[in-house]
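Here's the structure we're looking at; comments come further down.
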Amino acid sequence: MAPNRHLTTEERQRIRTLYFDGHLSQPRIQETTGYTKYQIRHAIRAPAAEVAPRSGRPRVITADQELELIRYVCESKAHRRMSFLELSIALFNSLLNWITIRNALYRHGFRRRVARKKPPISEANQQKRLAWAIEHKDWTLEQWRTILWSDETWVVGGPHRKQYVTRRIDEEWDPTCIVEKHQRKGGWMFWGCFYGSTKGPGIFWEKEWGSINKYSYRKNILPNVHKFINDTFEQHHLQLSFMQDGAPGHRAAGTKKDLENRKIRVVDWPPFSPDLNPIESCWNWMKDYIEDKYGLEEKPSYAKLKRYVEEAWQELPESYLQTLLDSMPSRCEAVIAANGMHTKY
C-alpha cells in the first residue's frame, strides 16, 4: 500500500472499531492492517469515519491511466529509463504534462533513481546461479569455512566514496568545490584470499610480472595458494577447496592442469556471481581504509600505493571476515528469491 494514500470510509471505520471497541494499541493495529502510523492516527483523531470532501484541484489523470502508466513503466528496461516527459509523449500523446506524470508515479512510490550496475546474466547462467544457490543454501558455517575464497581488485589513488562538499548555491564551480577527474588514474592489481575468519596470502601485483594472464597467474598466484592450502591442512587438519571466478586466466586449460597436478580441489563456481563471493566486500573495506587514512591523493607513487594496499589488507579485521562468511546462507536465499538473477549483495 502506498504510504500517502488516503483511506476509504470503510478502512477508517475498521481502524476506529479496532481502537475504540477492540482496545487495540496503534502499533497492534498497524501490525494487523498494514496501514501506516499516520493513516491510523489520522483515522482515530478524526471526528467520524466518513471521508470529508477533499479540497483543491482534482487530479487530471484518472485511476485507469495511472494503472496503465505503472504497467508501461515496469514492462521493459527502455521504459524504465524514459524521463517523465518521454512517458507523457509515448503513452498519452503529450496530453498530460510531465509534472502530472511525475506526481502520479510519486503517489505509487516511484522515483527517478540511479540504476544499479551489475554484470549481465544470460538465461543459462541464471539457471547455473540458481542451481548453485539451491545446492548450498543449507550448508552449515563449518562447511562454508572449508572454502578458500579468492578474487582480485584494481586499486587506485584518490577518493573511493562519493565526495560531498559544503558550498553555497552559486559556488558550484569554485576550485575548492571541484573533485578533479583524471582520465588515466595510476593504479595496480591486488589479489587476496581468505577462509573462515583467516586471511590467506595477499599479493600486490609486481611491476615485473607484466599483465595478469594465464601464465602469470599460474606462476605468481597458484604456488602461494598451493602452499597455503597445504599449510592449513598440516596445522589445522582442514582440507580447503579453492574458489576462483571465471576469468580467462582461471579457466584456461593450462591453469586447470596445474591445479589438478597440485591436487587443489576447485569449487564449481557459477558465472557472473560476485554477489555470492564474500571477498568482494573486502575490497570496499580496504579502499575506504586507504581513503580515510591517506586522504585523497590522486596519483600516489607505486611504492606508496603498494604500502597503502598491503597495510589495508593487514588491518582487515577477522571479525569482518566472519561476518561475511555468516552472510552466505542469506546470499544463497537472495539468489533463490531472485530466481537466479541479481541481488543486493
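The values are calculated or read from the model by the stated rules, or taken from the named source; none is laboratory data. Everything quoted here is computed from the prediction, not taken from an experiment. Quick reminder, even Gly has a Cβ in these numbers, built from the backbone with ideal geometry, and neighbours come from all protein chains shown. Ligands, DNA and RNA are excluded from the accessible area calculation, which covers all protein heavy atoms including side chains. Shrake-Rupley method; radii C 1.70, N 1.55, O 1.52, S 1.80 Å.
Pairwise Cα distances in the chain exceed 32 Å for 55 percent of all pairs. Remark: for residue pairs Lys162/Lys293; Lys118/Lys306; Lys207/Lys299; Lys227/Lys263; Lys77/Lys117, the C-alpha separation exceeds 19 Å in Lys118/Lys306.
Highest first, please rank the peptides 43-52, 110-119 by the mean number of other Cβ atoms sitting within 10 Å of their residues.
Listed from highest to lowest mean packing, they are 43-52, 110-119.
Taking all protein chains together and a 1.4 Å probe, the residues Glu172, Glu66, Glu311, Glu142 rank Glu142, Glu172, Glu311, Glu66 from largest to smallest accessible area.
With contacts taken as Cα pairs under 8 Å at a separation of at least 6 residues, the chain carries a relative contact order of 20 percent. For region 217-265, applying the loop criterion from DSSP together with a ceiling of 11 other beta carbons within 10 Å to the trypsin sites (Lys or Arg not before Pro) yields Lys263.
Mind pulling the angle between the C-alpha long axis of helix 123-136 and the longest principal axis of the chain? Nearest 10 degrees, somewhere in 0 to 90. Approximately 80 degrees, to the nearest 10. Taking the chain as the reference, fit the longest principal axis to its C-alpha atoms, fit the long axis of helix 280-294 to the helix C-alpha atoms, and give the angle between the two in degrees, 0 to 90, nearest 10. Result, in degrees: 90. Each Lys or Arg adds one and each Asp or Glu takes one away; over the other residues whose Cβ falls under 12 Å from the Cβ of Pro329, this sums to -1. Taking the 0 to 90 degree range and rounding to the nearest ten, how far is the long axis of helix 328-337 tilted relative to the main principal axis of the chain, both from C-alpha atoms? On a 0 to 90 degree scale, this one is about 50.
Straight-line cross-link partners of Lys37 among the aspartates and glutamates, defined as a Cα under 18 Å from its Cα and at least 8 positions apart when in the same chain: Glu10, Glu11.
Where Lys and Arg each count +1 and Asp and Glu each count -1, what net charge lies around Arg107 among other residues with Cβ under 11 Å from its Cβ?
+2
For the chain, carbon and sulfur atoms together expose 52% of the accessible surface, with a 1.4 angstrom probe and every protein chain in place.
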